[in-house]
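Have a look at the structure below, then the notes.
The values are calculated or read from the model by the stated rules, or taken from the named source; none is laboratory data. Source: prediction; values computed, not measured. Cβ: placed from backbone, ideal geometry, glycine included. Neighbour counts: every protein chain shown. Heads up: the accessible areas ignore ligands, DNA and RNA and are worked out on the full protein's heavy atoms, side chains in. Shrake-Rupley method; radii C 1.70, N 1.55, O 1.52, S 1.80 Å.
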Amino acid sequence: MAIRAVYPGSFDPLTNGHLDLIERSLRIFDELIVAVVTNPAKAALFTETERVEMIREATRGLRIEIMVFEGLLVDFVARVGARAIVRGLRAVSDFEYEFQMALMNRKLREEIETVFLMPHEAYSYISSRLIKEVAGYGGSVAGLVPAVVEKRLVERFPRR
Ligand code: PNS
């Protein structure tokens, strides 16, 4: 039986750290759904459509499915017939939040496991938040995000 996993996140925007995690997940799971969250309470720089487009372009050739979800993650995971949630751990600072989420998700649906993967150390300091901050001030994020994301960020924040 094929084992399907969901890699959820805001992906606002996708970084090379996310991409690295997608590639690592594909070495473990038979099927991977990259799930972009819709969160009306959280202001995003890019719309869901833009985020999905960037993921699609950056993952061309990889056997993943990209979906948007709203509501509880575990309900989405159950609906798509997956049994694992993939999350990245960059540093100890990620641990507390991730641990809380994993245990809450387990409480909600104990049949779903959260699996943590470490991105390549070259990406351990990258976050979508920092990428947006640097790009917002006109700094270069080349090499830290896929080319399509870099292009969209430059369009959004013209270099001064
Ligand atoms: O990339 P992010 O912003 O760290 O991803 C967070 C995400 C999408 C995994 C989390 O916010 C989430 O699961 N949202 C869906 C709502 C939900 O299930 N909340 C309870 C989590 S315990």
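The rows are residues; the columns are (1) within 21 Å of residue 81 (Cβ to Cβ); (2) within 15 Å of the ligand (Cβ to nearest atom); (3) over 12 Å from the mean Cα position of the chain (by Cα).
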residue: 3; (1), (2), (3): yes, no, yes
residue: 11; (1), (2), (3): no, yes, no
residue: 18; (1), (2), (3): no, yes, no
residue: 28; (1), (2), (3): yes, no, yes
residue: 36; (1), (2), (3): yes, yes, no
residue: 41; (1), (2), (3): no, yes, yes
residue: 47; (1), (2), (3): no, no, yes
residue: 53; (1), (2), (3): no, no, yes
residue: 65; (1), (2), (3): yes, no, yes
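Among the residues of the range 81-97, the ones that are surrounded by 15 or more Cβ atoms within 10 Å (Cβ to Cβ) and either away from the ligand (no atom under 13 Å from the Cβ) or more than 12 Å from residue 5 (Cβ to Cβ) (or both) come to 7 in all. The number of residues in the range 22-50 that are free of Cβ contacts under 8 Å to residues at least 60 places away in the same chain and under 19 Å from residue 68 (Cβ atoms) comes to 18.
Does residue 81 satisfy being in contact with a Gly (Cβ under 7 Å, 6 or more places away or on another chain) and not aromatic (Phe, Trp, Tyr)? Show your work before the answer.
On the way: in contact with a Gly (Cβ under 7 Å, 6 or more places away or on another chain): no; not aromatic (Phe, Trp, Tyr): yes.
Taking the combined requirement at face value, the residue does not satisfy it.
Exactly one residue among 60, 56 is out of contact with any His (no Cβ under 7 Å at 6 or more places or on another chain), open to solvent by 80 Å² or more (accessible area, probe 1.4 Å) and assigned to a loop (DSSP other than H, G, I, E, B), and that residue is 60.
If you filter the range 14-43 down to residues that are assigned to a loop (DSSP other than H, G, I, E, B) and polar (S, T, N, Q), you find that the one that is farthest from residue 55 (Cα to Cα) is 39. Figure legend. Inter-residue proximity from the range 133-160: first residues among the acidic types (Asp, Glu), second residues surrounded by 12 or more Cβ atoms within 10 Å (Cβ to Cβ), beta-carbon distance below 7 Å, spacing 6+ or different chains. Indicated pairs: 150/141. Scanning the range 98-141 for residues that are open to solvent by 50 Å² or more (accessible area, probe 1.4 Å), touching a Lys or Arg at 6+ places or on another chain (Cβ under 7 Å) and among the hydroxyl-bearing types (Ser, Thr, Tyr) turns up nothing. Here is the figure for the range 67-80: residues that are more than 11 Å from the ligand (Cβ to nearest atom), open to solvent by 60 Å² or more (accessible area, probe 1.4 Å) and assigned to a loop (DSSP other than H, G, I, E, B) total 0.
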